[in-house]
Each structure stands twice: as C-alpha cells, then as structure tokens.
Amino acid sequence: MNFFNVIVYVLLWNFATITFSVSSSQAQHQKGCFLDNDEKKLSCVQVISYDNKTNDSVRSSNFTKEIVSLDLFNMSFNTLHEVASNFSKLRHHFKFKIKELKISNSSIENLGYYFHPILGYLHRLDLRRNNLKGLSYYLAVNLNKIHSIYLSNNPWDCSMDLEWVLALNSSSVKDLNELTCRGENYPGKPLTAIATFQHDLQEQCPDKCDCSLPNVVQDPGTRLLQPIVALDCSEVELSAFPENLPNYTTILRLEGNEIEDLAPLKKNLAYKTVQDLYLDNNRIKSISILEGTYWLSHFRVLSLIGNKLTQLPTYALENALEQNPNMPNAVRIYFGDNPWRCDCAFVPGFQDMLRKYEHIIQDIEEVQCSYVEGDENSLNPVCNFTPRYTLQNSTIDVLFFTDS
C-alpha cells in the first residue's frame, strides 16, 4: 500500500477538487489538488485535514488506479497531523511509487509505523516546518535509505530519548546540523550535540547512581558547548567516593552514605570539575585534607550537614574563599547539625569566620555547640557562644577599677 493512496482517499472523503493536466504555475495559484500527467507531479494545497477516523470510512477511487508512479507529491501547507497510520487497512488497493514527497509547513506530529513501506521508493523527503517532536529509532534507521531528507524547523523535544538522533546519517539528512531542541530542555541547542552528551552520560554513569543533564552551556573561552552533568549517588551505602565520574560532572550528591574520607577531592582528577558537592549525613570528621587544594578554592556548593565535624581549619577555609572565583554570589556552605566543639581555643576564630561569611553560610543558626552536660552553651548557636574566661577577666577588671 502506498502513502499517496491514503491521501487521495482522504481528499475524496473531504470533497477535495481534483484537476487533471494543469501546469505547475496554475497549481501554485489555486486551492486544491492538481495532477500534472506530463511531469508526473501531484500538488495538494490547503485542502488536507487528516485523522485516523477518516480512513475507516474512506472508499477507493477509479482514477487513482491509473497512476503508476509520481516523481513528486507536494502536499505542503496543509493541516496533516499524522502520516499513514492506517496503511494496513488500505494496503491491498494500489501499488504505485513516489520518488519525492514534500510535506513541509504542515502540522505533522507523528509519522506512524506504516510510513515505513514507502521509504524504499523515495529519493527525497521534505518534512521541514512541521510539529514533529521525535522519531522512533527504527524509523530513523530506515530513513537513511533515502538519498536526501530534510527535517529542520520542527519542535524536537530533547527531554525524550534521543538515541534515534544518533542513528541518522548526515549524508542522508542534509540539514542534520540544523536540528535544534525546543521547549524547556536545552532550547536552541543542536540536537546532535545533546543526543551525544546524553548517550555518553549513560555509558559512563556509575553503578547505583542516577545521572542527568540539567543544562548545556557555551564555554566562554572556547565557545564550545559544555554539558552540566549531575550525579546522584545518595543513600546507596557507599563507604567512599565513586572512583570514576562521567565527564563534566558538575553536581555531585552523596547524601546519606557512610563516607569518611575526602581525599578523592585532592587526589582524583575526575573531581576537578565538581563544583556543587552535597555530603549531608555521612561520617566526615575533618576537612583538613582539603587545605591548599584546587577544589577548595573553586567550589560553589559545599554541604556537610549532619556529619561528625567538631572543628575545622578556619584560616585554610578563609584563604580558599578569598581565592575562589565564584565568590561571593555563587558560593554556598552548609555546616549545620554537626557536634561543634565550643571551647576557648577554637570558637573565637570560628565565630569570626561565621560572621564574616554569614552571607554564604546558609544555615548559620544551625551551626550549634555540641551537647555537654551542665554546659550552658550546649546546643546553642556557635555565634552566640561567650567564653567563660572573658566573663571572669571582665569581672576582675571591674573590681580592680572600683577599688582604686
């Protein structure tokens, strides 16, 4: 069964006007379907409104049996929504071939499974400026049988599986590099680039983890596209950082595991691109190993909520923040729900740092002293801590001044 027959049936059902033996120039200025027998061209302009229900009641026409082949079937500027989904019901009627099929500037959303049989006859297929959002992988493979295909200016949905894009051959799809994403995901970005990033990401994604591609940006230096890769390995009983990461991993979530050691941030080059790190509810006792590292002076987000931190090298963290190119607007730190040691040796410097960077420490009120029985500072915010020796010294100074 041939695609042309289906459309002719629909035209008859909708009382379309069929005119034989008219010139191409005449067809361009008239509304209807026009067959040029000499040039073997059929053009249908602003007359086709196609849906599945119409096909169920369509009847055959005698004149269609007289046509054996067409060099061109042009049905642009119509309101077609789906192509050939009911070929199986009409397959036994006719057997003619179309060399070139042009359906641009229409409303096609779905090509349908039964579109496949005509691909073996086509030399050229033009589906530009329709409403196509995706293709099946099987159809994409079969499209490569056609010499010339045009698919640009369709609203391709890049939130869908894009493996079909990688099946397309650029020697057949002449405008492959012009296909772009529409909608909320990667608007205006090249379809082939997004498909490649997604494919590579799934190939490189570590076991137990979920990988995603929240954004793709242009590198300001090289002007090349760079993926923003997010890796979620939360609550999967990890005792250490994953050894390998997908390329361009920027966001890493490791909450709810049993991680103690931050050494990979210093030693593993795969972590150099990680900017947002979420390590909530692990077993981390110290960040001292990060002193002087590239990572500590380039991160954007560091979340260590609910770990086992009692103190940290404030001088090292302040020095890293002063060098961080993401400061001050992009950096966010979370230190809450850790058993901070509140004594006269550590707290004064820690307090100074908290106050200095209160605009980037997002949970400063949750940074509290650990519980110590009988200590009035227990579970109070570190910023409110008052060392005892200060009170004692102040009292002595006041008494001495009075006596004199």
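Observations, loosely collected:
- When residues of region 235-254 are limited to those that are of a type outside the set (A, V, I, L, M) and crowded, with 18+ Cβ neighbours inside 10 Å, the one nearest to Asp200 (Cα to Cα): Pro246
- Candidate set from region 337-370 (those that are β-branched (Val, Ile, Thr) and over 15 Å from Pro313 (Cβ atoms)); member that is farthest from the chain's Cα centre (by Cα): Val367
- Answer residue from region 123-160, given it is part of a loop (DSSP other than H, G, I, E, B) and in contact with a Gly (Cβ under 8 Å, 6 or more places away or on another chain) and is nearest to Lys174 (Cα to Cα) among those: Lys145
- Being in a helix (DSSP H, G or I), modelled with pLDDT of 60 or more, out of contact with any Leu (no Cβ under 9 Å at 6 or more places or on another chain) and closer than 28 Å to Met327 by Cβ is a property that Glu358 lacks.
- Pair list, Cβ under 6 Å, 6 or more apart: region 182-206 residue farther than 16 Å from Gly134 by Cα and touching a residue at least 24 places away in the same chain (Cβ under 8 Å), other residue charged (D, E, K, R) and outside any helix (DSSP H, G or I): none
- In region 120-135, residue modelled with the lowest pLDDT [restricted to those that are surrounded by fewer than 17 Cβ atoms within 10 Å (Cβ to Cβ) and more than 19 Å from Gly183 (Cβ to Cβ)]: Gly120
- Filter result for Ala330 (of a type in the set (A, V, I, L, M) and over 26 Å from Asp375 (Cβ atoms)): yes
- The residues listed here are Asp280, Asp261; of these, the one that is more than 26 Å from the chain's Cα centre (by Cα) and at pLDDT 95 or above is Asp261.
- Qualifying residue in region 369-385 (condition: within 22 Å of Asp276 (Cα to Cα), touching a strand residue (DSSP E or B) at 6+ places or on another chain (Cβ under 9 Å) and assigned to a loop (DSSP other than H, G, I, E, B)): no
- Filter result (among the small types (Gly, Ala, Ser), over 12 Å from the mean Cα position of the chain (by Cα) and either farther than 16 Å from Tyr248 by Cβ or surrounded by 18 or more Cβ atoms within 10 Å (Cβ to Cβ) (or both)) within region 171-229: Ser171, Ser172, Gly188
- Among the residues of this structure, Tyr334 counts as one that is of a type in the set (Phe, Trp, Tyr) and more than 14 Å from Ser297 (Cβ to Cβ).
- Yes/no for Asp161 being out of contact with any helix residue (DSSP H, G or I) (no Cβ under 6 Å at 6 or more places or on another chain), over 16 Å from Arg128 (Cα atoms) and either surrounded by fewer than 18 Cβ atoms within 10 Å (Cβ to Cβ) or among the hydroxyl-bearing types (Ser, Thr, Tyr) (or both): yes
- Residues of region 305-359 that are of a type in the set (Phe, Trp, Tyr) and crowded, with 19+ Cβ neighbours inside 10 Å: Tyr334, Phe335, Trp340, Phe350.
- Test: Val165 is at pLDDT 95 or above, under 22 Å from the mean Cα position of the chain (by Cα) and among the β-branched types (Val, Ile, Thr): yes
- From Ile287, Ile259, Ile305, residue being in contact (Cβ under 8 Å) with a residue 40 or more places away in the chain, closer than 30 Å to Arg355 by Cα and β-branched (Val, Ile, Thr): Ile305
The values are calculated or read from the model by the stated rules, or taken from the named source; none is laboratory data. Here the structure is a predicted model, which is why all the values come from computation and not from measurement. Ideal geometry is used to build each Cβ from the backbone, glycine not excepted, and the neighbour counts take in all protein chains shown.
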